[in-house]
1. Using a/c under 1.5 as the rounded threshold, could you call region 128-282 rounded, prolate or oblate? The axes a ≥ b ≥ c are square roots of the C-alpha gyration tensor eigenvalues, and prolate needs a/b larger than b/c, oblate otherwise.
2. Separation between the residue 46 and residue 104 pseudo-spin-labels, each 7 Å from Cα along Cα→Cβ, expressed in nm?
3. Between helix 75-84 and the chain, what is the angle of the helix's C-alpha long axis to the longest principal axis, kept within 0 to 90° and rounded to the nearest 10?
4. In deg cm²/dmol and to the nearest 500, what is the mean residue ellipticity at 222 nm of the chain if only DSSP H runs of at least 4 residues count, each as -39500 (n - 2.57), divided by the residue total?
5. Bin all alpha-carbon pair distances of region 186-277 at 5 Å intervals from 0 and give each bin's fraction as a whole percent.
6. Residue 120 to residue 83: FRET efficiency via 1/(1 + (r/R0)^6), r the Cβ-Cβ distance, R0 45 Å, to the nearest 0.05?
7. Please give the peptides 73-80, 40-47 ranked by average Cβ packing (other Cβ atoms within 10 Å per residue), highest first, as a rough proxy for protection.
8. Could you put 70, 6 in order, starting from the residue whose Cβ has the fewest other Cβ atoms within 10 Å?
């Protein structure tokens, strides 16, 4: 595996492989890799000749009170994990490399962002699509891989690719979980021992909702209340939201029909955790 730090070099490498007729699978990350990221890399390895992963903690997607400075970073560890997962090129640019000048064009996301996490993180997805547009142009991948743990991000990336005619296939990958069901996340390190035990209840609450739906429950308010009661009685976390929308449009629904997402966010003392369930009904 080769580590690349400049725009020019990663662009040259990508162009070289594309000219040779090789397919490129791309895994954009913010580093501090866990099994979720490595699963994305493994999927990319299965389907492509070349695998490129990026590690870039993007300042544009952090709000003024969010954890950009304290976001966990461990590049040496990440390099080893990426290599073990079959990554061919690890692109690790600096902030100055990705943003050499102040932006003269502002990208703004209007749809799929006024709900779930996007509702309280104004400008977050503007930063996501800005950096992804840069990365897509530099890497020119055939396929790009994202985890469904952040299903709203997948929905926004779907819009980005469609609206700007990127010749890229979006490959959503199921959430990777710990053995006890907790969705793997770089932010799990912020949980204390008791919170770590409680955090498993997020997934359990969604599975309870799934069972209710499979047993015929169709009342959206009852399903939300069931999840709310489960989390409030089994954790010390504070519920930020429990919401149900069409997916991937993230438009409101009045009945459970077609493809939909049940998404939750819970704030613990130093960690905000998200999880979701995507289902489809005729």
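Taken together, the values in this text are just the output of simple stated rules run on the coordinates, not laboratory data. None of the values given here were measured: they were computed from a predicted structure. Here the Cβ is made from the backbone with ideal geometry for all residues, glycine too, and neighbour counts use every protein chain on show.
1. oblate
2. 4.5 nm
3. Taking the Cα atoms of the chain, the angle to 75-84 is about 90 degrees.
4. -12000 deg cm²/dmol
5. Answer for region 186-277: a P(r) of 3, 14, 26, 23, 16, 11, 6, 2 percent.
6. 0.75
7. Order by mean packing, descending: 40-47, 73-80.
8. Values: 70 9, 6 13.
Fewest-to-most ranking of 70, 6: 70, 6.
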